[in-house]
Amino acid sequence: MTDITHSLLYLSGVEVSFDGFRALNGLSLDIRHGEMRAIIGPNGAGKTTMMDVITGKTRPDDGEVLFDRTNDLTKLDEAAIANLGIGRKFQKPTVFEMHTVEDNLLLALRGNRRVVHNLFWRRNAPDEGRIDQILGTIRLGDHRARAAGALSHGQKQWLEIGMLIAQDPKLLLVDEPVAGMTDAETETTADLLREIARDHSVIVVEHDMDFVRRLGVRVTVLHEGSVLAEGSLDQVSANERVIEVYLGR
Amino acid sequence: MIARTFLTDDRRSAIFLGLLAIAAVVVPFCHLVFPPSSLLHIGTSSVALWGKYLSFAILALSLDLIWGYAGILSLGHGAFFALGGYAMGMYLMRQIGSRGVYANPLLPDFMVFLNWKELPWYWWGFDIFPFAALMVVLAPGILAFVFGWFAFRSRVTGVYLSIITQMLTYALWLSFFRNDMGFGGNNGLTDFKDILGFPVQAPATRAALFSITAMTLMLCYIVARYVVASKLGKVLVAIRDAESRTRFLGYRVDAYKTFLFTLSAAMAGIAGALYVPQVGIINPSEFHPAQSIEVVLWVAVGGRGTLVGAALGAILVNFAKTTFTSGILAPYWLFVLGALFVLVTRFLPNGIVGTFFDVAADTRSARRPAHAGSTSASGRLREAESEAPLK
Amino acid sequence: MRRLATLLWLLAVLLAAPATAAKLDEALARLLDDSYGETAIAAGEIATSGDANASAILEALADNRLQFSAAQKLVAITGKEGKLANAATGAVVTAPPADLTPVRQNNRVRGAVQEALGAMTLLSPDPAKRLDAAQSIFKSQDATKLSQVEAALDGEKDPRVSLALEAARAVILLGKADAPQTARLAAVVTLKQRGDQSAIAALRNVPADAPAALRDAANRAVADIEKGLAVWRIGQNVWYGLSLGSVLLLAAIGLAITFGVMGVINMAHGEMVMLGAYTTFVVQEVIRNAAPGLFDYSLAMAIPLAFLVAGAIGMAIERTVIRFLYGRPLDTLLATWGVSLILQQAVRTWFGPTNREVGAPNFMSGAFKIGELVITWNRLWIIVFAGLIFIGLLMALKYTALGLHMRAVTQNRRMASSMGIPTARVDALTFGLGSGIAGLAGVALSQIDNVSPNLGQGYIVDSFLVVVFGGVGNLWGTLVGALSLGLANKLLEPFAGAVLGKIILLIAVIMFIQKRPRGMFALKGRAVET
C-alpha cells in the first residue's frame, strides 16, 4: 500500500453520505510535506465535502483520515484540527466584518487559543511585527484600521489568505480562491499562493483552469466522490474519462 | 492601568462611571442629611426605587454582555437574577431568627407552617453572610456553567438556545412554586429584619444599600468593559458574527461562550442579591419567562452591544413603568411596553445609545461597516446560525 | 328457599294476566280492615298483583294520599291536584263518601310499602328503572331484598339488568352468614367478574367471622380485580395523554407553520389561540341573545369565524411588523412578544380581566364508559378536531397552490421569487394560515380551558416545546412531538405529580435538544446549512 511515512495528509476509503446521497465514495488522497496540490472536479464531485471531512466539520461514515501520520482527524473537532495546523479558506470569503483588518489578523495569529490567556492578553511587539509583515504580504497595509466588511471582494479574499498565513498552519485548504476576481486580482492571488507554498503544504480547490495552469502543480480530479485521475494538468487534461465528465468534448 | 484606559480612551465610560460615583455619594447624603421638609431631601421610597433600578441595570449589563457581544439571546436571565436573589433572601430569612411569627429560632416561618422539623441541608450555612454572598455568585454561576457547557458543546444556537433558556426559567418557575422545594412556595421569602446586623428598613441601611448597588454597578461595568475590550472580547464578536469561521481558526467556541455565560449569570446573581433587600421580597414571579423577556427589552431600548446603553435602558424602562403603573395610566402600561418592543426592534435596532450617540468609543473595533448599516447584530446571527454544522 | 320464591313468582306471573283484577281487589279489601298487619300484607300483594295501577297505589300509600271508606268499600287516591280517584279502577270519584279516612301507617307498614315499592321498580317495565333499582340494592347491600332480587332475576330478560341483579344478589349473599358456602363462593366469582371499584368495596366487606376459605377467595378476587383495574388505569392515563397531546397539537400546529415553514418565531401565537376562544365567546353571546335555539351550532359557526379573525389579525401583524424583520429571528421574537402584550391588554380592556363563560353544546357534554375507561365527549371531539385539522393542513400543503408556493419559498426563496412566485403574498398568507389555525385551536380550547386574556400565555412554552422537540419544518414531527409529550406528561403524573412531571419533561426536552439540536425529525445534510 501507500507509503505514508512522508505523508502530511493521508485519506483512505473515505465515505460520506447525506440522506442516501453519497457525497464521498471511497476517496483516497495523499499529500506530501511541502506539496501544493490542485483539486478539480465538476459540481457535486465532493470537493467541499472533502474539505469538511479534513477540517472536522463533517464526520465520515467510514475511512481513514490521518494528519502527520499520527493524528486521526475523524476523532477531532474543528478547533482541535485547526490547532494541529490545518487552515481553511472558505469558498465565500468569510472574514470578521465588524473587526478591523488588523484585528482579523490578530485573531488568526498563531498562539494560545485559551480563554484565560486571551482575557489577559496585551498588545506586544512580536505580534505587531508579525501583523505588519503579513499586511505587507497581502497588500493591505493601507487598510489596517478599516473594518473588514468595508473591503472589496478581492481584498476580503486576500485578507482571508492573510489570516491563513497568520495561522501558520502546516497545511492550507483553499477553496476557490479566485472565484469572482478580476484578472489582475487572480494574478496577484496566484503569486500569493505560490509564495505561501514555499514553506507550507497547500490544497487548492479550483474551477478556473487557467489559474490551475498558472499554479503549475500536481492535479487531482474528483468525480462522484472519488478520485478519477491524478497527475500534471496536461496529463489529466488528456485523460479520456476526465474529458468526458468534466472538461467537455 | 484600566482606569487610565477608560478615562483617556473612552469618554462615555468616564461620564457613566462619574455619574454613578456622584449618585453613590449624593443620594445617601440627601436622604440622610436633609430633613424630609427640605427640597433637597430624597425620600425613603425614592432611594429604594432607584436602588432597584440600579440593580436592574446590573442585570441588563449582564444580559448585554452575552447578547450584544456574543449573540447569545438568553430568555431566561431572570432565573440567574432570581437565584442570586434567593441566596440573599435565605441569608435574610436566617437573620430573622426567633423574631418570626412562630418564634422558631432555627426554622423560617413557612417551614414551621409546613410542619417541617428540621432545616433542609441546602439551607445550612446561609446564616453566615460570606457563605451566602458566595452562593449569590456560585448558584447562578454553576447552573449557567452546566447549562452552557451542555448547550454550547452541542452547538445549540440562535432561537433554539433562546427557547431552551426560556424552558429553563419556566421549569425553575414551576419548581419554586412548590412548597416541597423549601423556598417558601408561592409567597417566597419576605418579612426580612436585619442585614449584617442593620435593620433593612432603616434610612441609613437603605442609603448604604443604594451606595453599594451604585458601586457594584460601576464595578460590573468596569469588568464588562474590560472583558469586551480584551482580545477575548474580539474573539466573542468574531463568534457572534461568524461562529464556524472562528472555530476553524482554532478557538474553542463552546469554552468562550460558556465562560461568558457563566460570568454573565454570576453578575445577574449579584444584581438579584442587591435587589432583594431593597425590595424586601423575593418570590417565584421573578422566574417567570415574561420577566426575562422584559430584561431583553431594556437592553434593546438602551442599545445592545453598548454596555452603557443596557444600563441606561434598564433605568429608563423601569422608570417609565413605575410612572405609568402608579397613575391613572396604569391600564395602558402594557400597550406602551408592547409598542416599545415593536418600535424598538423595527425602528431602533441599535437602541437609543447605539443610534443617537457616538458609537466609536464603545465599539471601535466592532464598528458597523457602511454598507451593512441596515442589518443589526442579530441579523448576522442568522448567518452564524445557518453555519452551525449538523452532526 | 330460592326455589320456593321462584315458584311463587312463576305462579304470580302466570296467574297475573287473568287474575290481576281479582288479586288487586282482594288486596285492597284488606285495607278496609284498618289494621296495620293487614295493610302491610296488602302492600306486598298490591306489588305482586301486576296491575297497572299498583305502583300508583303504593306511592299514594307512602305519601299518605290513600284513603278508604269502610262504608262504601271504597279505596281512593287523592291525586296531586286534589282529585279523588278509585284506586281499583282509576275512575274519578264524584261524590266522596262521608267516612273517607287516610289509611293509617306505622313503621312496619312503611317498611312493607318501601319494600313493595322497591320490588315494584325491580319489576318496572322500564329497563332503566330496573337497572337503577338493582344498582341501589347493590350499593345498600340490603339483605332483606334478597328474595325480591332473586324473584326479579328469574324474570329478567335484559342482560345488563340481570348482570346488575346478579351482582346485587352476590353482595347480599356474601354478607349473609347463613347462606350456603358454595353460594357465597359463587358470589365472589360473580363480583370478581364485575371487576370494578365497587366490586372491590363489596369483597372487602366480607365479615371477619366468615370462613377462611371464603375470605381467602375474596382477597384473591380483590387482588385480581386490582390488577385488572391497574391496566384500565394505564388505559385511562393513555387516554388523558392522547387528549393532552391533541391539545398540544392544536396549540403547536399553527406554530409549526409559522416557525417551521417561515422561520418566524411568533411569540404572539398564543394570543391567536386566545382570539379564537374569544371569537367563540362572542358568537355564543350573539346566539344567546338572538337565537338561543341555535346554541348547539355555536361552535360550528365559531370555527370559520375564529379562523378568519385570527388569520386576518395574523396577516396584519405580518404586513406591519414581521416582514420588516425577516432574517432577524431574535428581533422577530421580541417584536411579536410586544404584539402579544398589546393583544392581551386589548382583550383585557375590551372583555375585562376575568374568565368568560363559554358553554358546551349538548353533543360535547357528558361522558361515556368503555369498561372502566371514562371518556368525556368534549375531549373526544377535540381529538377528532385536532386530527381533522392536521389532515386538512397536510392536504392543503400538498395539493393547493398556496401549499406548493409555500414549500417553494421555504426551500429557496430567491429561486421561488425569480420563478414568479409572489413571495411577499405567500409570506402573508402563510402567516395568516398559521394564525388562523391557532384561532381554530382557540375554539377547541375554549371548551376545556378558562377563556381569559392569559389563555394564550399558558400555551406558548408548551407549543415551542412541541415544535422544537418534534423538529422544525416537519408537520409529522409536530404530531409525534405533541402526542409523545402529551403521553409522557400524563404517564408521569401518577408518579411525580402534575408540576414535578412537567418539570421533569421540560428538563428532558432541554437535554434532548442537546443531543438533537434540530429535533426528532430534522432534515439532514447540506441543505440545512445553507
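The values are calculated or read from the model by the stated rules, or taken from the named source; none is laboratory data. The shown structure was predicted, so the numbers you read here are calculated from the model rather than taken from an experiment. We place every Cβ from the backbone using ideal geometry, glycine too, and count neighbours over all the protein chains shown.
Given the conditions (1) within 8 Å of chain C (Cβ to nearest Cβ); (2) surrounded by 18 or more Cβ atoms within 10 Å (Cβ to Cβ), report the number of the one that B:R178 does not fulfil.
(2)
Please count how many residues of segment C:394-423 are out of contact with any Pro (no Cβ under 9 Å at 6 or more places or on another chain) and surrounded by 13 or more Cβ atoms within 10 Å (Cβ to Cβ). First the steps, then the outcome.
Step one: of segment C:394-423, the residues out of contact with any Pro (no Cβ under 9 Å at 6 or more places or on another chain) are C:394-404, C:406-423.
If we keep only those that are surrounded by 13 or more Cβ atoms within 10 Å (Cβ to Cβ) too, we end up with C:394, C:396-397, C:402-404, C:406-410, C:412-413, C:416-417, C:421-423.
Matching residues across segment C:394-423 total 18.
Being more than 14 Å from chain B (Cβ to nearest Cβ), small (G, A, S) and assigned to a helix (DSSP H, G or I) is the filter here, so list the residues in segment C:290-335 that pass it.
Result: C:A290, C:G293, C:S298, C:A300, C:A302, C:A306, C:A310, C:G311, C:A312, C:G314.
Filter segment A:157-188 down to residues that are within 15 Å of the chain's Cα centre (by Cα) and either aliphatic (A, V, I, L, M) or more than 22 Å from A:G85 (Cα to Cα) (or both), then give me how many there are.
Matching residues across segment A:157-188 total 12.
Would you call B:L219 closer than 30 Å to A:L84 by Cα, out of contact with any Phe, Trp or Tyr (no Cβ under 9 Å at 6 or more places or on another chain) and surrounded by fewer than 24 Cβ atoms within 10 Å (Cβ to Cβ)? Lay out the reasoning, then the answer.
Details: closer than 30 Å to A:L84 by Cα: no; out of contact with any Phe, Trp or Tyr (no Cβ under 9 Å at 6 or more places or on another chain): yes; surrounded by fewer than 24 Cβ atoms within 10 Å (Cβ to Cβ): yes.
So B:L219 does not fit the description; no.
Is it the case that segment C:224-238 has a residue that's part of a helix (DSSP H, G or I) and either buried (at least 24 other Cβ atoms within 10 Å of the Cβ) or acidic (D, E) (or both)?
As a first pass, look at segment C:224-238 and keep what is part of a helix (DSSP H, G or I): C:224-238.
Narrowing further to those that are either buried (at least 24 other Cβ atoms within 10 Å of the Cβ) or acidic (D, E) (or both): C:224, C:226.
Yes.
So is C:L492 at pLDDT 80 or above and touching a Gly at 6+ places or on another chain (Cβ under 6 Å) or not? Steps first, please.
Working: at pLDDT 80 or above: yes; touching a Gly at 6+ places or on another chain (Cβ under 6 Å): yes.
The answer is yes for C:L492.
When you scan segment A:13-52, how many residues do you find that are within 13 Å of another protein chain (Cβ to nearest Cβ), part of a strand (DSSP E or B) and crowded, with 21+ Cβ neighbours inside 10 Å?
Result for segment A:13-52: 3.
Any chance segment C:322-335 includes a residue that's surrounded by fewer than 20 Cβ atoms within 10 Å (Cβ to Cβ), touching a Ser or Thr at 6+ places or on another chain (Cβ under 9 Å) and of a type in the set (G, A, S)?
The answer is yes, given that some residue of segment C:322-335 is surrounded by fewer than 20 Cβ atoms within 10 Å (Cβ to Cβ), touching a Ser or Thr at 6+ places or on another chain (Cβ under 9 Å) and of a type in the set (G, A, S).
Considering only residues that are of a type in the set (V, I, T) and facing another protein chain (nearest Cβ under 7 Å), look in segment C:336-365 and name the one that is surrounded by the fewest Cβ atoms within 10 Å (Cβ to Cβ). Before you say what the answer is, go through the steps one by one.
Going residue by residue through segment C:336-365, those that are of a type in the set (V, I, T) are C:336, C:339, C:342, C:347, C:349, C:354, C:358.
Cutting the leftovers down to facing another protein chain (nearest Cβ under 7 Å) gives us C:339, C:342, C:349.
Working: C:V339: 24, C:I342: 21, C:T349: 14.
Among those that are of a type in the set (V, I, T) and facing another protein chain (nearest Cβ under 7 Å), it is C:T349.
Identify, by number, the condition in (1) within 29 Å of A:Q133 (Cα to Cα); (2) of a type outside the set (D, E, K, R); (3) assigned to a helix (DSSP H, G or I) that A:I243 doesn't meet.
Status for A:I243: all satisfied but (1).
Give the residue that is farthest from A:A166 (Cα to Cα), with candidates limited to residues of segment A:53-84 that are assigned to a loop (DSSP other than H, G, I, E, B) and facing chain B (nearest Cβ under 9 Å). Let's see the steps before the verdict.
Kept after step one, since they are assigned to a loop (DSSP other than H, G, I, E, B), are these residues of segment A:53-84: A:56-61, A:68-70, A:76-77.
Then drop every residue that is not facing chain B (nearest Cβ under 9 Å), which leaves A:56-59, A:77.
On the way: A:G56: 21, A:K57: 21, A:T58: 25, A:R59: 27, A:D77: 21 Å.
Across segment A:53-84, the extreme among qualifying residues is A:R59.
Among the residues of segment C:164-200, what is the count of those that are in contact (Cβ under 8 Å) with a residue 24 or more places away in the chain and in a helix (DSSP H, G or I)? Steps first, please.
So in segment C:164-200, the residues in contact (Cβ under 8 Å) with a residue 24 or more places away in the chain come out as C:164-168, C:170-177, C:181, C:184-185, C:188-192, C:194-200.
Now drop any that are not in a helix (DSSP H, G or I), which leaves C:164-168, C:170-175, C:181, C:184-185, C:188-192, C:194, C:197-200.
Number of matching residues: 24.
In this structure, does C:S484 turn out to be within 30 Å of the chain's Cα centre (by Cα), more than 14 Å from chain B (Cβ to nearest Cβ) and of a type in the set (S, T, N, Q)?
Numbers: within 30 Å of the chain's Cα centre (by Cα): yes; more than 14 Å from chain B (Cβ to nearest Cβ): yes; of a type in the set (S, T, N, Q): yes.
Yes, satisfied.
Restricting attention to segment B:300-343, report how many residues are at the interface with chain C (Cβ under 10 Å from one of its Cβ atoms) and under 15 Å from the mean Cα position of the chain (by Cα). Quick ask: steps written out before the conclusion?
Initially, segment B:300-343 is screened for residues at the interface with chain C (Cβ under 10 Å from one of its Cβ atoms), giving B:300, B:304, B:331-343.
Retained after the next criterion (residues that are under 15 Å from the mean Cα position of the chain (by Cα)): B:300, B:304.
Of the residues in that region, 2 qualify.
Any idea which of C:A128, C:A98, C:A133 is outside any strand (DSSP E or B), surrounded by fewer than 16 Cβ atoms within 10 Å (Cβ to Cβ) and not assigned by TED's automatic domain parsing to the domain that holds C:L28? Break it down into steps so the answer makes sense when it comes.
Numbers: C:A98 fails: not assigned by TED's automatic domain parsing to the domain that holds C:L28; C:A133 fails: surrounded by fewer than 16 Cβ atoms within 10 Å (Cβ to Cβ).
Unique residue meeting the criteria: C:A128.
Here is a check on your reading of the model: is B:L174 out of contact with any Ser or Thr (no Cβ under 9 Å at 6 or more places or on another chain), free of Cβ contacts under 8 Å to residues at least 24 places away in the same chain and not in a loop (DSSP other than H, G, I, E, B)?
Yes: the conditions hold for B:L174.
Would you confirm whether or not segment C:353-363 contains a residue that is among the small types (G, A, S), touching a helix residue (DSSP H, G or I) at 6+ places or on another chain (Cβ under 7 Å), closer than 14 Å to C:I448 by Cα and free of Cβ contacts under 8 Å to residues at least 60 places away in the same chain?
Filtering segment C:353-363 for residues among the small types (G, A, S) gives C:359-360.
Okay, now just the ones that are also touching a helix residue (DSSP H, G or I) at 6+ places or on another chain (Cβ under 7 Å), so C:359-360.
Pick out the ones that are also closer than 14 Å to C:I448 by Cα and you get C:359-360.
Those still in the list that are free of Cβ contacts under 8 Å to residues at least 60 places away in the same chain too: none.
No; the residues of segment C:353-363 include none that is among the small types (G, A, S), touching a helix residue (DSSP H, G or I) at 6+ places or on another chain (Cβ under 7 Å), closer than 14 Å to C:I448 by Cα and free of Cβ contacts under 8 Å to residues at least 60 places away in the same chain.
Name every residue in segment A:92-131 that is among the aliphatic types (A, V, I, L, M) and more than 10 Å from chain B (Cβ to nearest Cβ), in order of residue number. Quick ask: steps written out before the conclusion?
Just the residues of segment A:92-131 that are among the aliphatic types (A, V, I, L, M), to begin with: A:95, A:98, A:101, A:105-109, A:115-116, A:119, A:125, A:131.
Answer for segment A:92-131, where residues must be among the aliphatic types (A, V, I, L, M) and more than 10 Å from chain B (Cβ to nearest Cβ): A:V101, A:L105, A:A125, A:I131.
Which of the residues belonging to segment B:190-230 are within 14 Å of another protein chain (Cβ to nearest Cβ) and among the polar types (S, T, N, Q)?
Once the filter is applied, which keeps residues that are within 14 Å of another protein chain (Cβ to nearest Cβ) and among the polar types (S, T, N, Q), segment B:190-230 yields only B:S230.
Specify the residue that is farthest from the other protein chains (Cβ to nearest Cβ); the eligible residues are those in segment A:139-184 that are touching a Phe, Trp or Tyr at 6+ places or on another chain (Cβ under 8 Å) and farther than 17 Å from A:M51 by Cβ.
A:R139
Within segment A:186-195, work out how many residues are surrounded by fewer than 21 Cβ atoms within 10 Å (Cβ to Cβ) and either assigned to a strand (DSSP E or B) or out of contact with any Phe, Trp or Tyr (no Cβ under 8 Å at 6 or more places or on another chain) (or both).
4
Taking the criterion of being among the polar types (S, T, N, Q), modelled with pLDDT under 85 and either more than 21 Å from B:T322 (Cα to Cα) or under 25 Å from the mean Cα position of the chain (by Cα) (or both), would at least one residue in segment B:75-98 satisfy it?
Narrowing segment B:75-98 to residues among the polar types (S, T, N, Q): B:95, B:98.
Next, from what is left, pick out any that are modelled with pLDDT under 85: none.
No: segment B:75-98 contains no residue that is among the polar types (S, T, N, Q), modelled with pLDDT under 85 and either more than 21 Å from B:T322 (Cα to Cα) or under 25 Å from the mean Cα position of the chain (by Cα) (or both).
When residues of segment A:224-234 are filtered for being in a loop (DSSP other than H, G, I, E, B) and surrounded by 20 or more Cβ atoms within 10 Å (Cβ to Cβ), how many remain? Show your work before the answer.
The first filter runs over segment A:224-234 and keeps only residues in a loop (DSSP other than H, G, I, E, B), leaving A:224-225, A:232.
Filter once more, so that each one left must be surrounded by 20 or more Cβ atoms within 10 Å (Cβ to Cβ): A:225.
Going through segment A:224-234 one residue at a time, the tally reaches 1.
For every residue, the table says whether it meets (1) crowded, with 17+ Cβ neighbours inside 10 Å; (2) assigned to a helix (DSSP H, G or I).
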residue	(1), (2)
A:P126	no, yes
A:G129	no, yes
A:Q133	no, yes
A:M163	yes, yes
A:A184	no, yes
A:H207	no, no
A:D210	no, yes
A:L222	yes, no
